[in-house]
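Trainee: This is the structure I have questions about; it appears just below.
Rule-based calculations on the coordinates, nothing more; no lab input. Every value quoted in this text rests on a predicted model; they were computed, and no experiment measured them. Backbone-built Cβ (ideal geometry, glycine too); neighbour counts: all protein chains shown.
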């Protein structure tokens, strides 16, 4: 006779050695608690899969939103005009110029990694001098005008680290040499007081009495 039969005849209730199953429903697990094997067995299969899928999709959407937001913020153009302290300026001869012209690239680069400002139009107040001064006696007398042959309106350019801009100074290549400058003085193509003095390419003369300067554009 088995132990169970003896117990039943004597009226002794049997005590189960198995623990009752724990019912787990979606939303009852606390944040950070792992889903155990017992939990998964008690959940209906379709509910378990839907819950895990929802968590995965929600995490992916959140991560994607952060990436998009971060990218948009880093590339957001600025409406703040560049100041003289925001820009480093250099002038170099441009070997790729139109026939009958000599061109010089006026290059604008961000002064620091956080620079984010706007340039627009042409440099103004362009003059050429000897030495580092602005004395009238040292000036070339060259008249510089904006090159707007196509009549198109000026387009703003966003200046940031790694995103330089440039203008060009143009002169007639066949004109006679008239002046040997050391520096060029100009106002940046931006609002406000943006006067700056830049070294002119060494040994390169001005020719004729007129020159043109182009609108700033992305380099």
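Trainee: Using per-residue counts of other Cβ atoms within 10 Å, averaged over each peptide, order 198-204, 102-108 from highest down.
Mentor: Highest mean packing first, the order is 102-108, 198-204.
Trainee: Once the Cα gyration tensor of the range 80-191 is found, what semi-axes does its equivalent ellipsoid get, as square roots of 5 times the eigenvalues, in whole Å, sorted largest first?
Mentor: After scaling each eigenvalue by five and taking roots: 25, 18, 13 Å.
Trainee: Highest mean first, what order results for 88-100, 151-163 on Cβ atoms within 10 Å?
Mentor: Peptide ranking by packing, descending: 151-163, 88-100.
Trainee: Would you please report the Å³ per residue occupied by the convex hull of the alpha carbon atoms in the range 127-209?
Mentor: 141
Trainee: How far, in nm, would the chain grow between residue 199 and residue 90 when pulled straight, counting 0.36 nm per residue and subtracting the alpha carbon separation?
Mentor: Stretched fully, the residue 199-residue 90 segment lengthens by 38.5 nm.
Trainee: Explain nothing, just the number: relative contact order of the range 134-219, from Cα pairs under 8 Å at least 6 residues apart, as a whole percent.
Mentor: For the range 134-219, the relative contact order is 46 percent.
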